[in-house]
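Notes for the one structure printed next.
The values are calculated or read from the model by the stated rules, or taken from the named source; none is laboratory data. Keep in mind that what you see is a predicted model, and the values were worked out from it rather than measured. Positions of Cβ are generated from backbone atoms using ideal geometry, with glycine treated the same way; all protein chains shown enter the neighbour counts. What goes into the accessible areas is simple: the full protein's heavy atoms, side chains included, and nothing from ligands, DNA or RNA. Shrake-Rupley method; radii C 1.70, N 1.55, O 1.52, S 1.80 Å.
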Amino acid sequence: DAGVIQSPRHEVTEMGQEVTLRCKPISGHNSLFWYRQTMMRGLELLIYFNNNVPIDDSGMPEDRFSAKMPNASFSTLKIQPSEPRDSAVYFCASRIQGAADGELFFGEGSRLTVL
Amino acid sequence: GESVGLHLPTLSVQEGDNSIINCAYSNSASDYFIWYKQESGKGPQFIIDIRSNMDKRQGQRVTVLLNKTVKHLSLQIAATQPGDSAVYFCAENLRAAGYSTLTFGKGTMLLVS
């Protein structure tokens, strides 16, 4: 299996631009998570999906952030408009969630720099 | 040691020494715990896990200890190698309303010289 695949790996954009980050979870995993990592705040959970349905988006910073999961093999995290404080590494992760939860597999991350 | 929500501590060890990384978790209802290793520029990678009905689990060169009384988790790495240099995170799994999430600590940086 190729693991969790994220794109782009790096993105540099200017304040006010729209940013779209993409994720392909591991086939067969039914839960998908978006995390943001910064030095100041560590790994923060933004939103997670179970069977393509958003379960908890309380970690999404504000209305500028949105996430979708149109099918079991694809999710997007969108920031519009982007701001310099959004600069971070964004990780997508997936797992099998059931009676006994399994480990969470992470992608390599998307490093976002907003100038 | 590390605690969820605090600064990133650093542990420096010599090659061949045993390393112990500590973590204080926050929720007594957490039922599953995982240690992750993150190398520079990469995503976190699974090292070892433990369920709340256990107090010790061993892997290859790594051991995780769980003390639910004081909500403490530790990761022991035997014969530490330069390739072990990374940031290590503990994560606690909490179920609510039939769903579960992993909450991560801030991490501990391990430097092996």
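If I go through the range A:41-54 residue by residue, how many of them are open to solvent by less than 60 Å² (accessible area, probe 1.4 Å) and either touching a Gly at 6+ places or on another chain (Cβ under 9 Å) or polar (S, T, N, Q) (or both)? Here the count works out to 9. For B:Ile50, the conditions (1) touching a residue at least 24 places away in the same chain (Cβ under 8 Å); (2) surrounded by 15 or more Cβ atoms within 10 Å (Cβ to Cβ); (3) farther than 18 Å from B:Lys106 by Cα are fulfilled apart from (1).
Only one of the numbered conditions (1) buried (at least 19 other Cβ atoms within 10 Å of the Cβ); (2) at pLDDT 95 or above; (3) among the acidic types (Asp, Glu) is not met by A:Glu11, and that is (1). Yes or no: the range A:58-65 includes at least one residue that is touching a Phe, Trp or Tyr at 6+ places or on another chain (Cβ under 9 Å) and within 11 Å of chain B (Cβ to nearest Cβ). The answer is yes, given that some residue of the range A:58-65 is touching a Phe, Trp or Tyr at 6+ places or on another chain (Cβ under 9 Å) and within 11 Å of chain B (Cβ to nearest Cβ).
In the range A:47-74, the residues that are within 22 Å of A:Gly102 (Cα to Cα) form Cβ pairs under 6 Å with partners that are of a type in the set (Asp, Glu) and assigned to a loop (DSSP other than H, G, I, E, B), at six or more places apart or across chains, as follows: A:Ile47/A:Asp57.
Considering B:Ser113, B:Ser85, B:Ser40, the condition of being open to solvent by 10 Å² or more (accessible area, probe 1.4 Å), touching a Leu at 6+ places or on another chain (Cβ under 7 Å) and farther than 30 Å from A:Asn51 by Cα is satisfied by B:Ser85 alone. Restricting attention to the range B:53-77, the residues that are open to solvent by 50 Å² or more (accessible area, probe 1.4 Å) and either within 14 Å of chain A (Cβ to nearest Cβ) or part of a strand (DSSP E or B) (or both) add up to 9.
Could you please let me know if A:Ser31 is open to solvent by less than 10 Å² (accessible area, probe 1.4 Å) and more than 14 Å from the chain's Cα centre (by Cα)? So A:Ser31 does not fit the description; no. Here the strands (runs of 3 or more DSSP E) wholly within the range A:68-115 that include at least 2 residues being open to solvent by 20 Å² or more (accessible area, probe 1.4 Å) are A:74-79, A:110-114.
Residue by residue, here is whether (1) more than 10 Å from every other protein chain (Cβ to nearest Cβ); (2) without any contact (Cβ under 8 Å) to a residue 60 or more places away in the chain holds:
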| position | (1), (2) |
| --- | --- |
| B:Ala79 | yes, no |
| B:Pro82 | yes, no |
| B:Ala91 | no, yes |
| B:Gly98 | no, yes |
| B:Thr103 | no, no |
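Please work out if B:Lys68 is basic (Lys, Arg) and within 21 Å of A:Phe91 (Cα to Cα). Against the criterion (basic (Lys, Arg) and within 21 Å of A:Phe91 (Cα to Cα)), B:Lys68 does not qualify.
In the range A:90-102, the residues that are in contact (Cβ under 8 Å) with a residue 60 or more places away in the chain and over 13 Å from B:Asn93 (Cα atoms) reach residues that are among the aromatic types (Phe, Trp, Tyr) and buried (at least 23 other Cβ atoms within 10 Å of the Cβ) with C-beta atoms within less than 6 angstrom, at least six apart or across chains, in these pairs: A:Phe91/A:Tyr35; A:Phe91/A:Phe106; A:Cys92/A:Trp34; A:Ala93/A:Phe33; A:Ala93/A:Phe106. The numbered conditions (1) free of Cβ contacts under 8 Å to residues at least 12 places away in the same chain; (2) touching a Ser or Thr at 6+ places or on another chain (Cβ under 8 Å); (3) among the hydroxyl-bearing types (Ser, Thr, Tyr) are all true for B:Thr108 except (1).
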